[in-house]
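The values are calculated or read from the model by the stated rules, or taken from the named source; none is laboratory data. Just so it is clear, the model here is predicted, and its values are computed rather than measured. We place every Cβ from the backbone using ideal geometry, glycine too, and count neighbours over all the protein chains shown.
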Amino acid sequence: MSRILIIPVILLLSSHAWAQKKQWKDGQWNGNPWEKSHLLAEVKKGNSDALAEWAFCSRNALSQIEYHPALIYSRAEKAHSGGSLLGKRILGRCLFMGEGTKINKQRGLKLIQEAADMGLPDALLDMAGYYMWGEEVKVDAQRAKALLDKVQKYNCFRYNYFMTGYYSLDEQPHSNPEKAAEYHTLAVIKDGNFFACNRIRINYYHHPDRPINRFYSQETIKRAHTIIEHGISLNNAHCLSYQGAYESKYNDVNRGIALMIRAANLGNAHAHRVMAQWMRNGARDRDYNLRAVGSVKGAARAAVIAYELGQRNKTVRYCYAESITLQLNKNVPLDRLNLAESLYIELIAEGYPSAAGQYGQFLARRYTYLDEKKILL
């Protein structure tokens with residue numbers, strides 16, 4: 001009898017110990033980087049934790065790992081399949097952003113939420129961000145703060161950046177520019193987070209009247225520039241697009257265009273959105289400096305990619321509809337025609353310049369090619 005009873009007791013104790021075991025491995029995400037040669041050796045062996053660490057470093061310009069979106073996605077997928085919780089989170093983020101793969105926000109959010117539910121601090125930060133900024137979920141600052149509080153003890157690489165966002169939220173009782181700047185400075189100087197570096201430059205150069213700018217030092221601004229240039233040396237698409245936008249507006253427009261093209265060629269959604277706008281403005285002589293890249297057809301191609309990657313501002317929607325108009329013939333699927341028409345109608349309602357005229361051309365071509373019996377003007 002005693003022998004029969006002791007087996008389930010042992011199983012119960014061992015399962016309890018497994019449940020208490022940490023479900024992730026340390027890495028750059030929490031300030032404990034792998035030694036690089038060891039990391040690369042383990043990646044070759046297909047170690048799931050190593051694949052996830054490599055993907056995290058490649059995406060964030062860390063450990064001198066060059067940016068490669070297709071490899072980030074494929075290695076995150078393998079890491080996830082091998083049981084890595086960090087791999088699950090990175091795979092979710094790739095799908096959510098369309099990085100190295102087609103965008104699938106629903107599946108991406110599901111994977112990130114699963115990783116957060118299993119306690120991964122880095123995934124908890126993602127969910128905090130979504131609740132702060134209302135990405136695919138309703139804004140809930142209180143819930144975001146509760147998630148941030150859970151992460152505080154883990155020394156996460158991205159924690160200071162997300163705390164910056166929390167204290168920067170407009171029209172919230174907890175909004176505190178000085179505290180936001182304190183965390184923002186840590187995200188730049190201590191963490192070297194290039195997302196934080198770009199945000200600090202946006203605040204400082206694009207929005208000089210923001211209260212937070214009073215608390216930035218010149219050392220921090222200078223350091224932000226240096227970190228983004230370091231990301232460029234690793235061919236990081238995010239840094240390329242950020243610096244491309246900065247150069248085109250404040251420094252060297254030719255370098256800005258070259259950097260933005262490099263980012264677009266790496267599949268960066270932001271770069272495709274910007275290139276669509278630049279090419280359209282250049283083609284219409286709205287910006288003399290952009291004449292070199294001016295191209296209606298080029299803008300349309302960039303807009304198609306940007307739209308499919310989830311970048312859907314007015315310019316992208318207009319150029320996307322224009323791309324369908326330019327290619328209009330009997331072979332254009334009906335669903336694309338209907339999409340173009342709905343986009344034009346949206347843009348006219350929003351007062352977008354040229355939308356009404358282009359919609360007229362679209363209707364005329366649609367009537368010509370498809371012999372529609374009735375067109376509602």
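General remarks:
- When each of SER74, SER63, SER81 is tested for being closer than 24 Å to LYS153 by Cβ and assigned by TED's automatic domain parsing to the domain that holds LYS44, the lone residue that passes is SER63.
- Subset tally (residues that are of a type outside the set (Val, Ile, Thr), in contact (Cβ under 8 Å) with a residue 24 or more places away in the chain and over 11 Å from PHE215 (Cα atoms)) for region 164-181: 6
- Some residue of region 91-99 being farther than 24 Å from GLY231 by Cα and of a type in the set (Gly, Ala, Ser): no
- Those residues of region 325-350 which are over 18 Å from TYR307 (Cα atoms), exposed (fewer than 15 other Cβ atoms within 10 Å of the Cβ) and modelled with pLDDT under 90, in sequence order: ASN329, LYS330, ASN331, LEU334
- Residues in region 110-140 that are among the small types (Gly, Ala, Ser), touching a Leu at 6+ places or on another chain (Cβ under 6 Å) and over 13 Å from TRP24 (Cα atoms): ALA128 alone.
- In region 245-279, the residues that are more than 24 Å from SER58 (Cα to Cα) and among the basic types (Lys, Arg): LYS249
- Residues satisfying the stated conditions in region 311-324, i.e. free of Cβ contacts under 8 Å to residues at least 40 places away in the same chain, surrounded by fewer than 18 Cβ atoms within 10 Å (Cβ to Cβ) and out of contact with any Leu (no Cβ under 9 Å at 6 or more places or on another chain): ARG312
- Total residues in region 208-218, condition assigned to a helix (DSSP H, G or I) and of a type in the set (D, E, K, R): 1
- Count of residues meeting criterion [part of a helix (DSSP H, G or I) and more than 29 Å from the chain's Cα centre (by Cα)] in region 349-361: 6
- Test result for ILE212, more than 18 Å from the chain's Cα centre (by Cα) and among the aliphatic types (A, V, I, L, M): yes
- Qualifying residue in region 116-130 (condition: of a type in the set (D, E, K, R) and crowded, with 22+ Cβ neighbours inside 10 Å): yes
- Qualifying residues in region 40-84 (those that are part of a loop (DSSP other than H, G, I, E, B) and hydrophobic (A, V, I, L, M, F, W, C)) - the one farthest from ARG262 (Cα to Cα): LEU62
- Annotation: of all residues in region 179-207 being part of a helix (DSSP H, G or I) and of a type in the set (D, E, K, R), the one that is nearest to ASN32 (Cα to Cα) is GLU182.
- Restricting region 195-227 to residues that are basic (Lys, Arg) and touching a Pro at 6+ places or on another chain (Cβ under 9 Å), the residue that is surrounded by the fewest Cβ atoms within 10 Å (Cβ to Cβ) is ARG214.
- In region 198-215, the condition of being under 23 Å from ASN251 (Cα atoms) and in contact with a Gly (Cβ under 6 Å, 6 or more places away or on another chain) is met by no residue.
- Residue check for ARG201: of a type in the set (Lys, Arg) and either within 28 Å of SER63 (Cβ to Cβ) or assigned by TED's automatic domain parsing to the domain that holds GLY134 (or both): yes
- Among the residues of region 85-104, those identified as in a helix (DSSP H, G or I), closer than 19 Å to ASN268 by Cβ and either in contact with an Asp or Glu (Cβ under 6 Å, 6 or more places away or on another chain) or among the aliphatic types (A, V, I, L, M) (or both) are ILE90, LEU91, LEU95, MET97.
- Count - residues of region 219-248 that are under 23 Å from LYS190 (Cβ atoms) and part of a helix (DSSP H, G or I): 20
- Matching entry among GLY231, GLY192 (being surrounded by fewer than 20 Cβ atoms within 10 Å (Cβ to Cβ), within 20 Å of the chain's Cα centre (by Cα) and more than 22 Å from TYR131 (Cβ to Cβ)): GLY192
- GLY357 satisfies every condition listed in (1) surrounded by fewer than 19 Cβ atoms within 10 Å (Cβ to Cβ); (2) in contact with a helix residue (DSSP H, G or I) (Cβ under 7 Å, 6 or more places away or on another chain) except (2).
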